[in-house]
Structure formats: C-alpha cells, structure tokens
Amino acid sequence: MNKNSSNIMALASNTSNKRETVCIFGTGDFGRALGHKIIQAGYPLVFGSRSTQTSNLIPKDAEVLSHAEAAQKAAIIIIAIQRQHYNFLTPLADTLRGKVLVDVSNNLKINQYPESNAEYLAQLVPGAKVVKAFNTVSAWALQSGTLDASRQVFVCGDDMEAKQKVMDIVRALGLTPLDQGSLLAAQEIENYPLQLFPMWKFPILLSLGLTAFFFFYCLTRDVIYPYVYENKDFSFFIAISIPNRICPILALILLALVYLPGVLAAIIQLYRGTKYRRFPDWLDKWMLCRKQLGLVALAFASLHVLYTLVIPIRSFVRWRISSQIISQALNNETEPLNNTNAWLSDSYLALGILGFFLFVLLGITSLPSVSNNVNWREFRFVQSKLGYVTLVLCTAHTLVFGGNRFLSPSSYRWYLPNVYMLSLIVPCIVLVVKFVLIFPCLDKPLTRIRQGWERNPQYSE
C-alpha cells in the first residue's frame, strides 16, 4: 500500500513538473542557440521553418516542422526572425490565436520604425498575446555560456499570464527577468542594445578632454620649459613622470565631480524651497552618470598606484640617488635626517593609502552584486559619508605632497602653477560648500524640504 502510494506521488510530481512545449520560428544563429538552452532547461522544443530538412546545426532533440505544424504543437512561440519577414505570420493568424508570441528582434538603429517591432507583431496577429523578451541576449553569449554580462532579460507585454510564462522560461535558462510593464515599453527595450555606453559617454569624453589638457600643460612646464631655458632634455618624462602626474589629478577632480552635482542640487532646493520641481536637464544627466564618473576616477587612481610602484626602478631615479650618494662621499659629509620632511613624506603616503583603500571600497559597493545585498541606508552611508571622507583624504594627500610649494617662485614656470595646484580647485570648492551646508541653519531646512515641506506650496509644480 505504501509502495503504491509513493509511486502515485512520484507520478503526480513528474506530471506537475512537466514543462510545456516551446516553439521557435527561425533556425538562424539566435534561434538555434536559444533552442539549445531551452532543451537544456528541460522544455520540449520544436522549430518552425520554411524548410523541414534537418541539419547538424539543429539541436538533436528538437523537431523541425513547417510553421503551421509547429505552431499547433506549442502554446509559446518565439519569433526569432527579423521584422521585415513577419508577413508570413498573417496567414497563420487563426492558428496563432490565443498563443503567446515572444518577439526577440532588434533593429539596426534607434527608433528605426514609428512603432516597436513587438507592437507591429501584435497588429499583424491581433488574436495572439505578444511579449517582448530576449532581445538583450546575444547568440554568442548563449552558445559560449558567458551570460554574466547580459544576465538580465527585459520583459514586457499586456497579458500578465503570458508574461509570467515567458519569465518562467527566462528563469529556467538561468537568467534574470525584469518586468518592464506593458507592451508600450517595447520600443525602449529594443533601443537598449543599440545604445553604446549611454551613461559612460559624458565621463569618458570629459576624461579624454581633461587628459589632453593636462598632458599639454605638463609637457609645457616639465619638458619644453627646461629645454628652452636650461637646455635640458627631459623628453623621457612623457613615459612615466607626466602620466603619473595626470592620473592622480584626474582621479581627484573626477571624484570631486561625483559629489559636486549633489551640492548644487542642495543649493537649488534651498533656493526654490521645494523638492517638487525638476532640476535642469544638464544637472539631471550629470547626477545619473555619477557612478560612471566614480569608476573612471578609480581607474585613474589605480594607474597612479601602479606608476608610483615602478618609480624606484626607473633609470632617472636610480641615477639621481647614486649622484647624491657620490656627492656626499666626495664632500665627506652626510645629510642629517630631516624629521619634518620625514613626517610630511610618511603622512603623504599614509593619506594616499587610506584614500585609495576607501576609493576601492566605493567602487566595490557600486557593483550590482554588492549593492543588491545592502539596504538603502547602508548604501547611502558608504557612497555619501565614506565618499566625502575619501575626498577629504585624497585632497589632504595632495596638499601634504606640495602644500609648501604654493609660495615658491620656482613652482611657477611661465607663470603657470604646478599642475597639482589646479587639481585642488574643484575638490576644495566641493568640500567648503559641503561644510557650509552641514551647518544647522541650512541642514535643517534642507532636510525638511527633502521630506516634503515647501516654502511656497501654491507655486509648486
């Protein structure tokens, strides 16, 4: 009796876990790659194609039928065909009625058509339940198994049950479905793969512009000036010395630019007396790319660390040290240890190490895999509170490095200050304004505004 009961339970379990058949229209690269993954996930699969001849490229456990025959065998049909070939679906409208059609197509350029491909498909087959999905996953990623970079799958559709079935398939493939709402979101989803680093454009262009400016600035001061006035050839500075000046400067300026829009937003809210009015477009876009600015700044800081580590093995440095040793030996005297310089040197290095450590911590917590495991309060503490501590440490690192040279005439060549002096302008402005904003007379009204209070409610927008 117990044995029969266990057999019945096992049979019921297997029956309930049985996956429904999935059909794929199209036997191209993406259709075949997706088919392999669907079979591995335990779904029965059938291909619908113009030619029913089997090929070595088709998964061996899949059946290849005509479009009409394949559509009759499945309730979920994935349309792995380009939009310009959708016309063959019109004669199949009766067969496809009530079935879930998954549109996976992309276009060649943003907003190529007035409506999205998924909406166009819904117009061609009005009786079907159209869902947009899988267009952000490449055939190469499916075939090679390298889905880490594109694990998220955007899904949208007007029928909740149809969307749920598609999201179940997405999860079975080891991917993460993201419900983007109704089919109206399809055009935005289709435009997403065509965008080339949209949030990175401003940080990268800004970094390239600043890099070019500071490179020619350093080239003028450190290479051209000595050659003109002292007849010394320091052109080899281009390889290590100048990059090692540019990298920390850009890291510090870009880090300050991460927190500058927040300071500007606070000033605007205090001035307006409300949080219910939009910021200017340039400030909105700036605030949206703060994460990318911070990561670019971290990249420059990491390069600065690497350049600094190779300083002792440089030929120029070894020559200068040996010259000093020989000079002391010939003069039969040893320079005594300068405790002040030793303190400044150690403090400068300690501040740089601590600043870089916190810099790396900020970069790690910005990763989705880490930020998803902390709550909003913890994330804000790290990115805001520790972020300002990082900015303070890095600014102090620069000040201790050359603060005693501000009033030295030799620091100004052709009336140009040393390049690190320029790097302190933006960070110092941010820190000073932030320090002023934490005064109770400004912090309290700003907190109230951000909690919903308005100075003049009748004028709010």
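The values are calculated or read from the model by the stated rules, or taken from the named source; none is laboratory data. Keep in mind that this is a model prediction, so the values were computed, not measured. Virtual Cβ from ideal backbone geometry, glycine too; neighbours counted across all protein chains shown. What goes into the accessible areas is simple: the full protein's heavy atoms, side chains included, and nothing from ligands, DNA or RNA. Shrake-Rupley method; radii C 1.70, N 1.55, O 1.52, S 1.80 Å.
Of note:
- Of the candidates 206, 295, 260, 288, the single residue that is open to solvent by 40 Å² or more (accessible area, probe 1.4 Å), in contact with a helix residue (DSSP H, G or I) (Cβ under 8 Å, 6 or more places away or on another chain) and closer than 22 Å to residue 379 by Cβ is 295.
- Pick from the range 341-366, criterion over 20 Å from residue 309 (Cα atoms) and open to solvent by 30 Å² or more (accessible area, probe 1.4 Å), ranking: modelled with the lowest pLDDT: 341
- Taking the range 343-429 and the helices (runs of 4 or more DSSP H) fully enclosed by it, the elements with 3 or more residues that are over 23 Å from residue 262 (Cβ atoms) are at 387-402, 419-423.
- Among (1) open to solvent by 80 Å² or more (accessible area, probe 1.4 Å); (2) in contact (Cβ under 8 Å) with a residue 24 or more places away in the chain - the single one residue 315 does not satisfy: (2)
- Residue within the range 144-154 that is among the β-branched types (Val, Ile, Thr), open to solvent by less than 30 Å² (accessible area, probe 1.4 Å) and not in a loop (DSSP other than H, G, I, E, B) present: yes
- Total residues in the range 275-314 satisfying the condition of being at pLDDT below 90 and of a type in the set (Ser, Thr, Tyr): the figure is 1.
- Test for residue 202: is it in a helix (DSSP H, G or I) and without any contact (Cβ under 8 Å) to a residue 24 or more places away in the chain: no
- The residue pairs whose first member lies in the range 226-254 and is farther than 10 Å from residue 300 by Cα and modelled with pLDDT of 90 or more, whose second member is small (Gly, Ala, Ser) and open to solvent by less than 80 Å² (accessible area, probe 1.4 Å), and whose beta carbons are closer than 6 Å, counting only pairs six or more residues apart or on different chains, are 253/423.
- Taking the range 112-126 as the range and being in a loop (DSSP other than H, G, I, E, B) and either surrounded by 13 or more Cβ atoms within 10 Å (Cβ to Cβ) or among the hydroxyl-bearing types (Ser, Thr, Tyr) (or both) as the test, the residues that pass are 112, 113, 115, 116, 125.
- Qualifying residue in the range 415-425 (condition: surrounded by 10 or more Cβ atoms within 10 Å (Cβ to Cβ), closer than 28 Å to residue 213 by Cα and more than 34 Å from the chain's Cα centre (by Cα)): yes
- In the range 14-45, the residues that are loosely packed, with under 10 Cβ neighbours inside 10 Å and either small (Gly, Ala, Ser) or at pLDDT 90 or above (or both): 16
- Some residue of the range 46-61 being open to solvent by less than 40 Å² (accessible area, probe 1.4 Å), in a helix (DSSP H, G or I) and of a type outside the set (D, E, K, R): no
- Only one entry in 239, 251 is surrounded by fewer than 13 Cβ atoms within 10 Å (Cβ to Cβ), closer than 28 Å to residue 309 by Cβ and either out of contact with any Ser or Thr (no Cβ under 8 Å at 6 or more places or on another chain) or among the acidic types (Asp, Glu) (or both), namely 239.
- Residue in the range 99-111 that is assigned by the TED database to the domain that holds residue 164, in a helix (DSSP H, G or I) and loosely packed, with under 15 Cβ neighbours inside 10 Å present: no
- Any hit, the range 81-96, residues being in contact with a strand residue (DSSP E or B) (Cβ under 8 Å, 6 or more places away or on another chain), over 20 Å from residue 158 (Cα atoms) and open to solvent by 20 Å² or more (accessible area, probe 1.4 Å): yes
- Which numbered condition residue 159 misses (of (1) out of contact with any Leu (no Cβ under 8 Å at 6 or more places or on another chain); (2) surrounded by fewer than 15 Cβ atoms within 10 Å (Cβ to Cβ)): (2)
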